[in-house]
1. Cut-off 10 angstrom, C-alpha nodes, Gaussian network model of the chain. Which of Tyr177, Tyr159, Tyr224 fluctuates the most?
2. How about Lys171: which aspartates and glutamates have a C-alpha closer than 14 Å to its C-alpha, ignoring those fewer than 8 places off in the same chain?
3. Output the relative contact order of the chain, whole-number percent, from Cα pairs under 8 angstrom with separation of 6+ residues.
4. For the range 96-151, which GluC sites (Glu not before Pro) are in a loop by DSSP, counting at most 14 other Cβ atoms within 10 Å?
5. Grab the DSSP H runs of the chain that are 4 residues or longer, score each as -39,500 (n - 2.57), total them, divide by all residues and round the 222 nm result to the nearest 500 deg cm²/dmol.
6. Shape verdict for the range 178-260, please, from the Cα gyration tensor: rounded (a/c under 1.5), prolate (a/b greater than b/c) or oblate.
7. How would the range 231-330 be classified by its alpha-carbon gyration tensor: rounded, prolate or oblate, with rounded meaning a/c under 1.5 and the a/b versus b/c comparison settling the rest?
8. Could you identify which residue out of Ser166, Ser27, Ser214 has the top mean-square fluctuation in a GNM of the chain using Cα springs shorter than 10 Å?
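What follows draws every value from the coordinates through simple rules; no lab data is involved. Keep in mind that this is a model prediction, so the values were computed, not measured. Cβ atoms come from the backbone with ideal geometry, glycine included; neighbour counts cover every protein chain shown.
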Amino acid sequence: MTTRIVDQTDLLNTPFMRACRGEDSHSTPIWLMRQAGRYMAEYRNVREKVGFLELCKTPDLACEVTVTAVEKLGVDAAIIFADILLILEPMGAGLQFTAKDGPLINKPVRVAEDVTALKKVDPESLSFVFEAIKKTRQALRKDIPLIGFCGAPFTLASYLIEGGSSKHFAKTKKFMYDSPKTWHALLDHIVEASIPYLLGQVEAGAQVIQIFDSWVGCLGPDDYDAYVKEHVAKLIRALGGIAPVIHFGLASNSLLLQMQAAGGDVIGLDWRVDLAESWSKLEYRCGVQGNLDPTVLLSNRSEIEKQARKILAKAANRQGHIFNLGHGVLPETPVDNVRFLVDCVKRLSVR
Ligand code: 1CP
């Protein structure tokens, strides 16, 4: 028991946790979205033996993939290997990952009856994620916080309605505008499932939660307020401050204030925005995470260092900056470039 308390104290004082709370630290913490993935040979080796869903559902393998990425890159935080779409399976939507088309939902939501037909999610059906978190927490170094996560209601609804990935979110938005009542019922259902899922992840050993609203940037601010904000706010409120929340959206420059109002200790920024301007717009009332363009990692060392310096200068040593990419590591990224970035940020940000 004593050991556990000591371990948590160590964890809570790491640069990453301190930044999540807006406190100072000796250097800027860094981790990368999709830090475990196809660009890494170790990951590809595991994937040669098992399918993606099987990997997610095998706690020993999910733990291995999570920990290997941290050790190989020297990042300041781990993110549990899982996927935002896993929660759609116990809803009865049917989930598949294909090599060519990515995720596929077998029974997309198109009419009100489809929403009513969605099953209430028993958190036990996702116990493999909790198990993976427990194992990973034990396997990780004691100074590496572990991030749990979920998809935000809009982004998950978009997969349910489109039946997979989408470019214009036409079906999703049509559904939203045509049937607002059903839309809100759908988002309620997603939030009701996500609350115990996130609480379970924290109970299993995650120190921080990231909410991925990857596709919400396709909405304007008024529509965000009308169709999304209250659902995200409810989800974050329900966590009751049990762990810091990082609230991420892609291409959501025009939504930053709305997203901040919905909640989160840290707001994720993508590379399309100026970090200094955005943080000032948020009045420094939360931390910020970001915001290197992932394609910079495809280039050369001098460009990577130049761009890392620029981002650090924009953050100006303010408390509460977490260095990250503006979106996930691309599959064609050289691992050495990623390691170089991590070293750069550590070297350049020492105060
Ligand atoms: O092996 C493979 O080919 C599978 C590729 C892959 C991986 C490595 C998928 C399929 N998911 C993941 C892992 C994953 N997904 C993680 C943990 C790994 C880590 O970050 O280190 C996380 C946090 C996610 C989250 C996720 N999944 C998001 C939100 C983040 C983002 O990229 O915006 C989204 C949108 C998904 C859906 C998803 N999962 C996988 C694919 C191919 C997709 C579709 C993406 C799309 O619609 O464009």
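1. Tyr177
2. Partners within reach: Glu162.
3. Relative contact order here is 21 percent.
4. none
5. Helix contribution divided over all residues of the chain: -14500 deg cm²/dmol.
6. oblate
7. Numbers: a/c = 2.15, a/b = 1.82, b/c = 1.18.
Taking the square roots of the gyration eigenvalues as a ≥ b ≥ c, the range 231-330 is prolate.
8. Ser166
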